[in-house]
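Laboratory data are not the source of any read-out in this text; all were calculated from the coordinates shown. In this text the structure is predicted, and so the values were computed from the model without any measurement. Ideal geometry is used to build each Cβ from the backbone, glycine not excepted, and the neighbour counts take in all protein chains shown.
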Amino acid sequence: MLLQPTSPLRQTQDIDEAASFAFRHQAASVVGVCETGAHPYITKRIAADGTLEDFVPVPIAFNRRQELPPAYIVNGAIYLRRSDSLLETRTFFPAGTHAYVMPPERSIDVDTRHDLALVEWMLQSQTR
């Protein structure tokens, strides 16, 4: 199991539940994820001429963001992999990887000073 230090809000409950999930499903790989607010169907990129275009082709028609199917992002909190399989494939994301869904409030991945400030604020708010 890889537990990155950049996921300080992950709880022991998440670790235990991910391990239990892997055991129950006989999963070779389980990765922590959370629902993302930046749905891939609404993300854009800027073309060379400065115009916006879809980042990925949108296969369905929709009028409102709320009508889109849920989308998940790897949160960096838990990477669980059978060691024999990891040594063979050298990836935490082999075919058939299972998702361990975590709530967004425990899924902040500290990559920037802003992320760190948010986590510090959240931890201080919990102790009050």
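To the nearest ten degrees, helix 12-25 and the longest principal axis of the Cα atoms of the chain are 90 degrees apart.
Could you calculate the FRET efficiency of T51 with Q124 from 1/(1 + (r/R0)^6), where r is the beta carbon distance between them and R0 is 41 Å, rounded to 0.05? The partial results should precede the final answer.
Numbers: r = 44 Å, r/R0 = 1.06.
It comes out at approximately 0.40.
The mean of 1/r over all distinct Cα pairs in the chain, once inverted, gives the Kirkwood hydrodynamic radius of 16.9 Å.
Within the chain, DSSP assigns beta bridges of which about 70% are antiparallel (rounded to the nearest 5).
Multiplying the residue separation of A19 and V101 by 0.36 nm and subtracting their alpha-carbon distance yields 28.2 nm. Largest GNM mean-square fluctuation among T51, T12, T89, using the chain with Cα springs under 10 Å: T51.
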